[in-house]
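The values are calculated or read from the model by the stated rules, or taken from the named source; none is laboratory data. On a predicted model such as this, the values are computed, not experimentally measured, just so you know. Backbone-built Cβ (ideal geometry, glycine too); neighbour counts: all protein chains shown.
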Amino acid sequence: MQCQAEDYLRPRTLGEASEFLSLHPGEARPFLGGTDVLVRMRDGILTPRFLVDVKGLDGTNELRFDPKTGLTLGAAVSMNQVIAAAEVRTHYPLLAEACRSVASYPLRTRATVVGNLCNASPAGDTIGACLVLDGVLHVHGVQGPRQVRLESFFLGPGKTRLEAGDVVTAIHLPLPPKGCAGVYLKLGRNQLSDLSIVGVTALVHPDSSCPSGYRFRLALASVAPVPLVPVEAERHLASHPITPELLHEAAQLAADACSPIDDVRGSARYRRLMVRNLSATALTQVWSQLTG
Ligand SMILES: Cc1cc2nc3c(=O)[nH]c(=O)nc-3n(C[C@H](O)[C@H](O)[C@H](O)COP(=O)(O)OP(=O)(O)OC[C@H]3O[C@@H](n4cnc5c(N)ncnc54)[C@H](O)[C@@H]3O)c2cc1C
């Protein structure tokens with residue numbers, strides 16, 4: 001079993017963490033719950049010299065809801081803490097639902113939403129909720145703090161806009177649109193501890209600036225090199241009166257936007273078909289939730 005780093009470090013400040021990480025690019029790795037990092041080290045995929053524990057740094061343990069600005073979720077807040085938070089269950093039930101779909105209770109005690117985002121797997125279950133809720137990452141780098149919109153964060157499997165020295169300290173989710181309805185549908189090989197074959201996140205809310213009167217948001221997991229927002233499907237739903245047929249047309253557009261691969265969890269063809277079916281179901285569900 002390969003699972004060794006020369007050193008485990010616990011910086012006292014974000015400045016220290018960023019400086020150390022920037023001085024050892026490729027050798028030093030930040031981590032939170034470690035449920036990705038330690039497993040990849042065990043499997044010999046990652047071989048960092050230094051493991052930099054960023055839990056406990058400024059703001060990383062905070063879960064704060066402001067009724068004017070929204071939710072700030074510190075990087076070290078575990079998924080179980082997110083699920084248990086009354087503010088999340090009341091205002092961001094979609095995020096709680098996405099967290100609940102991840103593996104098992106014991107894993108979620110360690111795993112974090114920010115770790116899920118930084119891992120940048122196209123299969124990350126919480127990414128869709130953070131995308132459709134317009135998440136913004138708070139990042140501390142060698143030049144100090146900055147913000148990065150999640151929609152521009154993912155560059156490829158495991159690749160993000162983060163640079164050497166960057167530590168994500170939190171994700172901020174603005175207040176959800178008034179009267180929105182959301183759902184996350186995950187198709188896996190079993191109910192426990194499996195990554196998705198396909199995941200579909202859908203959100204809808206009234207929006208008078210759209211010709212249809214409603215804005216739908218969609219995000220797809222495990223069907224492209226990055227978590228995918230099928231913009232043509234969203235545009236179609238914004239532009240025409242909402243009917244059951246339109247929801248199915250949009251689901252087909254979502255499937256057309258995918259570039260899935262064959263792997264042990266499912267073939268590309270099966271994934272594309274499932275995107276169409278699950279998107280149709282998700283869009284129909286949120287639409288009936290909204291219109292009662
Ligand atoms: C048995 C098992 C089942 C799983 N099932 C699922 C599942 O169903 N769905 C799913 O989506 N995932 C699943 N995963 C993957 C994993 O649990 C999640 O991706 C989890 O959210 C990662 O969070 P973490 O805090 O453990 O991240 P870590 O392992 O600590 O880090 C993940 C990545 O982010 C980087 N990173 C961590 N913190 C920071 C930071 N502050 N700033 C910058 N970069 C950082 C690390 O260097 C690493 O590359 C599973 C893993 C296991 C072992």
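Filtered by the rule that a residue be of a type in the set (Val, Ile, Thr) and more than 18 Å from Pro11 (Cα to Cα), the range 38-67 gives Val39, Ile45, Thr47.
For (1) surrounded by fewer than 22 Cβ atoms within 10 Å (Cβ to Cβ); (2) part of a loop (DSSP other than H, G, I, E, B), each residue gets a yes or a no:
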position	(1), (2)
Arg108	yes, no
Cys118	no, no
Ser121	yes, yes
Gly124	no, yes
Gly128	no, no
His140	no, no
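Scan the range 161-177 and tell me whether some residue there is free of Cβ contacts under 8 Å to residues at least 60 places away in the same chain, loosely packed, with under 13 Cβ neighbours inside 10 Å and more than 20 Å from Glu232 (Cβ to Cβ). No: zero hits. Pull up the range 11-52, narrow it to residues that are more than 9 Å from the ligand (Cβ to nearest atom) and among the acidic types (Asp, Glu), then point me to the one that is surrounded by the fewest Cβ atoms within 10 Å (Cβ to Cβ). Only one residue tops the list, namely Asp43. The single condition from (1) more than 16 Å from the chain's Cα centre (by Cα); (2) among the basic types (Lys, Arg); (3) assigned to a strand (DSSP E or B) that Arg235 fails is (3). If you check Phe65, Phe153 for being buried (at least 18 other Cβ atoms within 10 Å of the Cβ), more than 9 Å from the ligand (Cβ to nearest atom) and either within 29 Å of Leu23 (Cβ to Cβ) or modelled with pLDDT under 95 (or both), only one passes: Phe153.
The set of residues in the range 68-94 being of a type in the set (Ser, Thr, Tyr) and either surrounded by fewer than 21 Cβ atoms within 10 Å (Cβ to Cβ) or in a strand (DSSP E or B) (or both) consists of Thr69, Thr72, Ser78, Thr90.
Within the range 110-135, no residue satisfies the criterion of being free of Cβ contacts under 8 Å to residues at least 60 places away in the same chain, in contact with a Ser or Thr (Cβ under 7 Å, 6 or more places away or on another chain) and more than 9 Å from the ligand (Cβ to nearest atom). For beta carbons closer than 8 Å, sequence separation of 6+ or different chains, a first residue in the range 1-29 that is under 10 Å from Pro48 (Cα atoms) and at pLDDT 95 or above and a second that is of a type outside the set (Asp, Glu) and in a helix (DSSP H, G or I), the qualifying pairs are Ala28/Phe20; Ala28/Leu21; Arg29/Val37. When each of Asp36, Asp53, Asp66 is tested for being in contact (Cβ under 8 Å) with a residue 40 or more places away in the chain and over 20 Å from the mean Cα position of the chain (by Cα), the lone residue that passes is Asp53.
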